[in-house]
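Rule-based calculations on the coordinates, nothing more; no lab input. Just so we're clear, the structure is a prediction, and the values are computed from it rather than from any experiment. Cβ atoms come from the backbone with ideal geometry, glycine included; neighbour counts cover every protein chain shown.
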Amino acid sequence: MAVTATTGALLASAAVAAPALAAPALPVPAPSVSAKAALMLDSVTGSTLYSKDAGTRRPMASTTKIMTARVVLGTPELNLGRKVTIKQAYRDYVTTQGASTADLKTGDKVTVRQLLHAMMLPSGCDAAMALADTFGTGTTLSARTQSFIGKMNSKAEVMGLTNTHFDSFDGNSTQNTNYTTPLDLAKLTRSAMKNTTFMGIVKKTKTVQYATTSTNGTRTYTWYNTNKLLGSYSGATGVKTGTNTPAGPCLVFSALRNGKTVVGVLLNDQDRFQDAAKLMDYAFGTTSAGTMQLRTLPTGAQHD
């Protein structure tokens, strides 16, 4: 009896001493964003981290320029140091469209690398036209730019971007047939970010470039990145803004934290930078968005 009682006491004691099992952790709820359509992917695996109407076709404004850069950088035997002379037609186009500009001066000689900076940071539509004119084929400016747009569509087809179509080199749609989906645009961006030149350009908050003028002088260009996440959200690495009337404010973003890389798309989002920060916090398990102070663009800088 004594042995039985002692054993029972020990069992009772053990039962009291055993730690309580922790309740399973509840998943963090996905944030709400004001974008009409959105997507965020793990850039390495391609797995979806967030999705909102990600398969619906929508206009994309200047995020179009990601494909413009992708086509240029995919040119066989590309010479990034190739000099391009700026034509008055590029400036006239910007004026006619009321488009964002790198304020490239007629007669200046700039390199292809500099044009990529001018297109991706201040969202220069003049730079985008210069690239399309340079890398398209044909006997006229119109023919060459149309040829280049054809290359953009061919690249989209090869990449399997079945819900993407371009009718412009910069997002200023000519026929209302310049569209994509968050899913296609994220796929495109994942591909573009594998190019070290592209990745190196789109992560810069500012660049200072020097060009040769028509009189063999030197002109200094200072361009600021319209993507305010850069320099504001720790780990942000790109990519491109875009805004026009049919598309609304758009943003393609990317970031790297603790070895995890994400890429995201927000189409028609009135609070795009804050929403991007919320989505990245969701992916990284952080709370940066609540204290983030957006970088201020200087007076005279382009906004897109």
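Ordered by packing density, taken as the mean number of other Cβ atoms within 10 Å over each peptide's residues, highest first, how do 38-50, 207-219, 80-92, 243-255 rank? Walk me through the intermediate numbers first.
Values: 38-50: 18.0, 207-219: 12.7, 80-92: 15.7, 243-255: 23.1.
Listed from highest to lowest mean packing, they are 243-255, 38-50, 80-92, 207-219.
Taking label positions 7 Å along the Cα-Cβ direction at both residue 42 and residue 80, the computed distance is 3.0 nm, reported to one decimal.
Under 16 Å of direct C-alpha separation, and excluding same-chain neighbours fewer than eight residues apart, residue 83 reaches these lysines: 105, 109. Taking a sphere under 15 Å around the Cβ of residue 47 and counting the other residues whose Cβ falls inside, with K and R at +1 and D and E at -1, yields a net charge of +2.
The sum of -39500 (n - 2.57) across all DSSP H runs of n ≥ 4, divided by the residue count of the chain, sets its helix-only mean residue ellipticity at 222 nm to -10500 deg cm²/dmol. Treating the angle as unsigned and between 0 and 90°, give the value, to the nearest 10°, between the Cα long axis of helix 141-158 and the longest Cα principal axis of the chain. Approximately 20 degrees, to the nearest 10.
Relative to the compact globular guide of 2.2 N^0.38 Å, what is the alpha carbon radius of gyration of the chain, as a ratio? Numbers along the way, then the final one.
Working: Rg = 24.9 Å, N = 304, 2.2 N^0.38 = 19.3 Å.
The reported ratio for this selection is 1.29.
Computed from the alpha carbon positions, the gyration tensor of the range 235-294 leads to an equivalent ellipsoid with semi-axes of 21, 12, 8 Å, biggest first. So which lysines can residue 228 reach, going by Cα to Cα under 19 Å and dropping same-chain residues fewer than 8 places off? Answer for residue 228, where 19 Å is the Cα cut-off: 65, 203, 204, 206, 240, 278, listed by chain and number. What FRET efficiency comes out for residue 142 versus residue 103 if R0 is 30 angstrom and r is the Cβ-Cβ distance? Round to the nearest 0.05. With a Förster radius of 30 Å, E is 0.80.
Averaging the sequence gap over all C-alpha pairs within less than 8 Å and six or more residues apart, then dividing by the number of residues, gives the range 35-290 a relative contact order of 24 percent. Placing pseudo-labels 7 Å out from each Cα toward the beta carbon at residue 195 and residue 216 gives an inter-label distance of 3.4 nm. What angle, in degrees between 0 and 90 and rounded to the nearest 10, separates the Cα long axis of helix 182-192 from the longest principal axis of the Cα atoms of the chain? Computed tilt is about 70 degrees. From most to least packed by mean Cβ count within 10 Å, the peptides 193-199, 28-34 give 193-199, 28-34.
Summing Lys, Arg as +1 and Asp, Glu as -1, what charge do residues with Cβ under 12 Å from the Cβ of residue 283 carry, residue 283 excluded? Write out the running numbers ahead of the final one.
Numbers: positive: 257, 260, 278; negative: 42, 281.
Here the count lands on +1.
For residue 155, list the aspartates and glutamates whose Cα falls under 16 Å from its own Cα; do not include residues on the same chain fewer than 8 positions away. List returned: 167, 170, 184.
Find out how many positive minus negative residues lie around residue 213, taking Lys and Arg as positive, Asp and Glu as negative, among other residues whose Cβ is under 9 Å from that of residue 213. The partial results should precede the final answer.
Details: positive: 105, 109, 219; negative: 108.
That works out to +2.
The peptide list 108-115, 183-190, put in order of mean Cβ contacts within 10 Å with the highest first, becomes 183-190, 108-115. By other beta-carbon atoms within 10 Å, ranking 120, 152 with the fewest at the front produces 152, 120.
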